[in-house]
């Protein structure tokens, strides 16, 4: 049985940890609102970009050559998985859920004889993936020290992806991130970037559709917009990840604070019982000695 001093030290240690988790919860709560607003504001822009690309792709005349980022290489032998995670932990299953989705996809592709390469955005994703796929990680970047994610950060990542594609390093590129739904729900998501997936507006009747004349040609506009679309989608993923990280951290630190309070209660009860037992034992010894005299 631990001594009273050990129990006092244990209670003091848990109380100190509880203060830290409570402070981290308050910080995550304060930053969550701004990150959530940024993620929600980026969604309409990214969705509208996809619709514009869909309209342009549908307007290309049959037989005309499609841009490389839209048509792809015509193969799917080499896959690049861009895994976006957080720079820090203490956020529950936020990082592991994204990595798990990418790992399952990678193992499925490898079982089909495909070649898989990784582009890690975030320290935690790199740490988790290198245990199993260290030789397949060809690019990595981290955003440590960047408190406010900007479009420049996403644009740099987008340029590196396009440079790898132009160098013939891969055929298909898929982006992995966590879509923010609520404080307790972050949905791991996979989105194909190259070749760009554009869905046609099949829900609108042909007679009600609006047709546009483009200047310059649709091919020229697509050639200019497709690289930007990659940066836009990466930017959206980074903002979604930021909001998801703070939501997951807020929830995890709240649970940790509650667990610390429960542990303090149990340890305090054990301390009181141990102290009472020692006092009772000393009284019995004193009474027994007095009766012996």
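Throughout, read-outs are computed from the coordinates displayed, never taken from laboratory work. Note that the coordinates shown come from a computational prediction; the quantities given were computed from them, not determined experimentally.
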Original post:
Helix 123-133: angle to the longest alpha-carbon principal axis of the chain, degrees 0 to 90, nearest 10?
Top reply: 80 degrees
Subject >> Crossing angle, helix 218-292 versus the chain [Cα axis fit, 0-90 degrees, rounded to tens] >> reply: 10 degrees
Original post:
Across 5 Å bins from the origin, how do the percents of Cα pairs in the chain run, short distances first?
Top reply: 1, 5, 10, 12, 12, 12, 10, 8, 6, 5, 4, 3, 3, 2, 2, 2, 1, 1, 1, 0, 0, 0, 0
Original post:
When the chain is modelled as a GNM with alpha-carbon springs shorter than 10 Å, which of 17, 274, 96 fluctuates the most?
Top reply: 274
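Where both partners of a DSSP beta bridge lie in the range 35-251, what percent of those bridges are antiparallel, to the nearest 5?
Details: 9 of 25 bridges.
Of all bridge pairs located within the range 35-251, approximately 35 percent are antiparallel.
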Original post:
Against the longest alpha carbon principal axis of the chain, how many degrees, from 0 to 90 and to the nearest 10, is the axis of helix 151-166 turned?
Top reply: 60 degrees
